[in-house]
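The values are calculated or read from the model by the stated rules, or taken from the named source; none is laboratory data. Keep in mind the model is a prediction, meaning the values are calculated, not measured. Methodologically, a virtual Cβ is constructed for each residue, glycine included, from the backbone with ideal geometry; neighbour enumeration extends over all protein chains shown. Surface accessibility is based on the protein's heavy atoms, side chains included, excluding ligands, DNA and RNA. Shrake-Rupley method; radii C 1.70, N 1.55, O 1.52, S 1.80 Å.
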Amino acid sequence: MKAILLNEAGGTDKLIYQDIEKPQISSGHILVKIKAIGLNPMDVYIRSNEQMIDHFLGTERPVILGWDIAGDIVEKADDVIDFEKGDAVFGITMGKAYAEYVAVNASMMANKPENISYQEAAGIPVAGVTAWEALVKSGNIKKGDRVLIHAGSGGVGHIAIQLAKHFGATVIATSSAKNRDFVLSLGADQHIDYTSEKFNELLRDVDLVLDTIGGETREQSIDVVKQGGTIVSIVPPLPDALEQKARSKGVNLELLIAQGDKAELGSLATLLNKGGVKVHVSAVYPFTDMARAHQAIETKRTIGKIVVDL
Ligand SMILES: NC(=O)c1ccc[n+]([C@@H]2O[C@H](COP(=O)([O-])OP(=O)(O)OC[C@H]3O[C@@H](n4cnc5c(N)ncnc54)[C@H](OP(=O)(O)O)[C@@H]3O)[C@@H](O)[C@H]2O)c1
């Protein structure tokens, strides 16, 4: 099968196309013929940093990058009882997605909603479970909450806006002016252009912040949250001094590294099925153009999700 291998960290020139053996499945696994791969900023961070490759994918080389997939089950282990051969699925594999086939743990996959394409389904997993865990598990979002979502036009943010509205929150979202209409079209009640406005001068008494930016944005977010409110940051690391500042103001500040599971993917699939959440795929690149897809992510200015098609 065709795959994209990475022998060492570096630029997009390190993504090497090669024919390799199809993977074998073991207990609890399914073999998926991949139809679409969703890209995330982590694909780019890990590609360019040797320590990150070691941390996420182990010390052996070459490695295969890629986490978000959608495709069809072509084989399954005998102990996998919740899927059948031929099922269309989507979910998260721990690397190894940049290939025609991947052997993936069935516990990290869910049935693809019939009303969405493989490309849309591949855009959901990491962004979707991250938004879900930030708002629902960590943020305990409830009806009537005032929720601030930074980078509402990004992969995580555009799903988070829709989820927050689904749970009955009032949503304020940031992006640059060019993405204002997109952010409002997702259901946000208020848009703030981070390039010309200071959200920390405009907002007070926010219940919950989803921080997708870190740095100054995260620090300034402490000032807009009400006492007892929460900031869920998805950008590591979390400086000790910031935790202290948040504590002194009575604000809960938490770093989330999303894990994802079948139940969360299933909840997202139900919402996608009902049309309550939509994935916005802003660009689709062919598998032979993975380098260009990475370069798009590197701009940090993409809208919704970037997907690679097989
Ligand atoms: N901890 C975890 O489990 C976890 C999981 C997923 C992602 N992440 C991390 O979370 C971050 C966001 O991920 P993502 O996939 O949503 O990224 P993304 O899709 O690449 O985000 C791009 C968007 O960010 C907006 N943006 C850039 N700078 C901004 C700023 N200063 N303020 C507001 N918006 C800004 C851009 O809008 P404009 O073009 O309008 O500026 C663009 O639409 C990344 O660092 C990623 O690695 C962490």
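Numbers at a glance
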{"quantity": "Accessible surface ranking that places the most exposed of Lys278, Lys305 first, with a 1.4 angstrom probe", "calculated": "Lys278, Lys305"}
{"quantity": "Accessible heavy-atom area order of Met42, Met109, highest first, probe of 1.4 Å", "calculated": "Met42, Met109"}
{"quantity": "Interatomic Cα distance distribution for segment 126-220, bins of 10 angstrom, percent", "calculated": "18, 56, 25, 0"}
{"quantity": "Global form of segment 252-310, assessed from the alpha-carbon gyration tensor, a/c cut-off 1.5", "calculated": "oblate"}
{"quantity": "Cα-Cα pairs of the chain separated by more than 27 Å (percent)", "calculated": "42 percent"}
{"quantity": "Heavy-atom surface of the chain, accessible at 1.4 Å and reported per residue (Å²)", "calculated": "44 Å²"}
{"quantity": "Solvent-accessible area of His280 with every protein chain in place, 1.4 Å probe, in Å² to the nearest 10", "calculated": "70 Å²"}
{"quantity": "Loop chymotrypsin sites (Phe, Trp or Tyr not before Pro), segment 1-80 (other Cβ atoms within 10 Å of the site Cβ: 11 or fewer; DSSP)", "calculated": "none"}
{"quantity": "Spatial separation of Cα centroids for segment 229-295 and segment 75-145, in angstrom", "calculated": "14 Å"}
{"quantity": "DSSP beta bridge pairing in the chain, given as percent antiparallel to the nearest 5", "calculated": "55 percent"}
{"quantity": "Net charge dipole size for the chain [Lys, Arg +1 and Asp, Glu -1 on Cβ; Debye, nearest 20]", "calculated": "720 debye"}
{"quantity": "Subset of Lys143/Lys226; Lys33/Lys96; Lys14/Lys35; Lys2/Lys35; Lys178/Lys198 violating a 19 Å alpha-carbon distance limit", "calculated": "Lys14/Lys35"}
{"quantity": "Area accessible to solvent at Thr288, 1.4 Å probe radius, in Å²", "calculated": "110 Å²"}
{"quantity": "Residue with peak Gaussian network fluctuation, the chain [Cα springs, cutoff 10 Å], from Ala241, Ala188, Ala160", "calculated": "Ala241"}
{"quantity": "Two-site label geometry, Asn115 and Thr12: point separation in nm, points 7 Å out along Cα→Cβ", "calculated": "3.5 nm"}
{"quantity": "Cα gyration tensor shape for segment 155-209, rounded if a/c is under 1.5, else prolate or oblate", "calculated": "oblate"}
{"quantity": "For segment 164-310: Kirkwood Rh in Å [reciprocal of mean 1/r, alpha carbons]", "calculated": "17.4 Å"}
{"quantity": "Whole-number percent relative contact order across the chain, with pairs defined as alpha carbons under 8 Å at least 6 apart", "calculated": "19 percent"}
{"quantity": "Estimated FRET transfer efficiency (Leu202, Asp261; beta-carbon r; R0 30 Å; 0.05)", "calculated": "0.25"}
{"quantity": "Surface accessible to a 1.4 Å probe, Arg61 within the full protein complex, Å²", "calculated": "70 Å²"}
{"quantity": "FRET efficiency, 1/(1 + (r/R0)^6) with R0 22 Å, evaluated for Val136 and Asn49 via beta carbons", "calculated": "0.10"}
{"quantity": "Within the accessible area of segment 127-255 (1.4 Å probe), percent carbon and sulfur", "calculated": "46 percent"}
